[in-house]
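Q: Starting off with a structure, shown below.
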Amino acid sequence: MFDFLKKIFKGSDSKKTESKPPKQSSAPSKKSSKPIEEVKKKTVTKKTPAIQKNKSKLIPAKTKPKLKNDKTSVQDQTVESTEQKTLSFSEKIKAGLKKTRDAISVNLSSLISIKKIDQNFYDDLEMTLIAADVGYAASQQIIEELKKRVKQEGIDDGAKLKQLLKVILTELLQEIEKPLIHIKQTPFVILVVGVNGAGKTTTIGKLTKLLLDEGKSVLIAAGDTFRAAAKEQLQVWGDRNNVTVISQETGDPSAVIYDSMQSAKAKGIDIVIADTAGRLPTQKHLIDELAKIKKVIKKFDESAPHETILVLDANTGQNAINQIKTFNEAVTLTGLIMTKLDGTAKGGIVAAIAKENPIPLRFIGVGEKIDDLKIFSAEDYAEGMLE
Ligand SMILES: Nc1nc2c(ncn2[C@@H]2O[C@H](COP(=O)(O)OP(=O)(O)OP(=O)(O)O)[C@@H](O)[C@H]2O)c(=O)[nH]1
Ligand SMILES: [Mg+2]
């Protein structure tokens, strides 16, 4: 019935302004010398949640029951106070994915309730996934795996099949579930790039809050020296978080970021987050400028930027894959942030990324408020998409 759709889818010296807040709102900078590594949540096992949570508030814990056949495991809950927090974390992600879930569930519920599990069922399910922007390749992989396991496990009812689908989706999403938990060097430099209006500046505001909550000290570099009022917008986020924003009246983004790194080093700040101007993948000269920014940063610290994050707007759907490709070629991305998931039914794009260009998805944006940035959790995401 959806055959036609299938076919389609196959296919510096300027004046420096330093806005200084009275103090960092969170913990002092020297606290930062924790061991640092990128931890794959998959490896966080069933018996360690309390330890993990004490180590880092950034790690989302789980309260949901373990999914049948879920290889990923669900962490036990031992600390009551964090249980409440955890619940709101998962609930928030679920709320953010409402539009995607609603779009999928309209078809999925009717499929599961009335159809028998045959080739037509799988064809319709595949199209439902593609319609939610899961993409052709990822949808095919999911369906093939589903078919195999339905057969192996002798599944013949819709509810069990849906659970299995959730497990398979979770497993796929785990490809990109690599939260940025600990910060090694100081200053640890996070360069934020992306197309115009993707949500870079807002995300920096939210990320700053998250890192402050984690006990880190943060300094923001206003590297968007192009758009009018860009630094004022960033300053608002700096004020909200009570952190320093370094900007210049005119000039070169590399110089602003370089200055910021110097200032952060002098003050013992843990993390520098650098904003940049929006640019389209088609604007080659602007994309190349990013490589230049990176080069200048390296003059200060060869290992910097330690994290280069592409911010993606979930509404762009499959175009996100092209954006990843172009920006990755120019600046070698180490992480992604998907924003505006609350406003789209295209949340399946995250599965397409996991299949086609698996760069770690560090965080997801589920709203415009300061607390609306969440660590990406494969299991929470799959639950949010399918319920
Ligand atoms: N609903 C929703 N809106 C968001 C989210 N993240 C950002 N926005 C909104 O998206 C719009 C653009 O955000 P900005 O942070 O200015 O985007 P930007 O990438 O910095 O834009 P340029 O600097 O112009 O390239 C703003 O209205 C934000 O409030 C999100 O997760 N959910
Ligand atoms: Mg901006």
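Q: Tell me, which residue of segment 181-215 that is crowded, with 24+ Cβ neighbours inside 10 Å and more than 16 Å from ligand 2 (Cβ to nearest atom) is farthest from Pro305 (Cα to Cα)?
A: Pro187
Q: State all residues of segment 354-371 that are of a type in the set (Asp, Glu) and either surrounded by 23 or more Cβ atoms within 10 Å (Cβ to Cβ) or more than 10 Å from ligand 1 (Cβ to nearest atom) (or both); if no residue qualifies, say none.
A: The answer is Glu356, Asp371.
Q: Residues Thr186, Thr170: which one is assigned to a loop (DSSP other than H, G, I, E, B) and either in contact with a helix residue (DSSP H, G or I) (Cβ under 7 Å, 6 or more places away or on another chain) or aliphatic (A, V, I, L, M) (or both)?
A: After ruling out the rest, the residue left standing is Thr186.
Q: Which of the following residues is away from ligand 1 (no atom under 16 Å from the Cβ) and either under 19 Å from Ile220 (Cα atoms) or among the polar types (S, T, N, Q) (or both): Ile183, Ile176, Ile168?
A: Going through Ile183, Ile176, Ile168 in turn, just one is away from ligand 1 (no atom under 16 Å from the Cβ) and either under 19 Å from Ile220 (Cα atoms) or among the polar types (S, T, N, Q) (or both): Ile183.
Q: Now for a different question. Quick check on my filter: what residues within segment 225-235 are under 14 Å from Thr203 (Cα atoms), more than 21 Å from the chain's Cα centre (by Cα) and within 9 Å of ligand 2 (Cβ to nearest atom)?
A: The answer is Ala230, Gln233.
Q: Test Gly268 against the stated conditions and say whether it is among the small types (Gly, Ala, Ser), more than 30 Å from Ala137 (Cα to Cα) and either in contact with a Cys (Cβ under 7 Å, 6 or more places away or on another chain) or surrounded by fewer than 23 Cβ atoms within 10 Å (Cβ to Cβ) (or both).
A: yes
Q: Something else now. Among the numbered criteria (1) of a type outside the set (Asp, Glu); (2) farther than 18 Å from Lys206 by Cα; (3) away from ligand 1 (no atom under 16 Å from the Cβ), which single criterion is violated by Val256?
A: With respect to (1) of a type outside the set (Asp, Glu); (2) farther than 18 Å from Lys206 by Cα; (3) away from ligand 1 (no atom under 16 Å from the Cβ), Val256 is out only on (3).
Q: Among the residues of segment 330-349, is any farther than 19 Å from Arg101 by Cβ, under 20 Å from the mean Cα position of the chain (by Cα), modelled with pLDDT of 95 or more and part of a helix (DSSP H, G or I)?
A: no
Q: Quick one: in segment 217-231, which of the residues that are at pLDDT 95 or above and not in a strand (DSSP E or B) is farthest from Ala277 (Cα to Cα)?
A: Restricting to residues being at pLDDT 95 or above and not in a strand (DSSP E or B), the top hit is Ser217.
Q: Among (1) part of a helix (DSSP H, G or I); (2) within 13 Å of ligand 1 (Cβ to nearest atom); (3) surrounded by 18 or more Cβ atoms within 10 Å (Cβ to Cβ), there is one condition Gly278 misses while meeting the rest; what is its number?
A: Single failed check for Gly278: (1).
Q: Which ones in segment 351-387 are among the aliphatic types (A, V, I, L, M) and more than 14 Å from Ile168 (Cα to Cα)?
A: Ile353, Ile359, Leu361, Ile364, Val366, Ile370, Leu373, Ile375
Q: Need the failing condition index for Thr244 against (1) on the phi > 0 side of the Ramachandran plot; (2) more than 15 Å from ligand 1 (Cβ to nearest atom), just the number.
A: So Thr244 meets the others, but not (1).
The values are calculated or read from the model by the stated rules, or taken from the named source; none is laboratory data. Because the structure is predicted, anything quoted here is derived from the model rather than measured. When we count neighbours, we look across all protein chains shown, and the Cβ atoms used for this are built from the backbone with ideal geometry, even at glycine.
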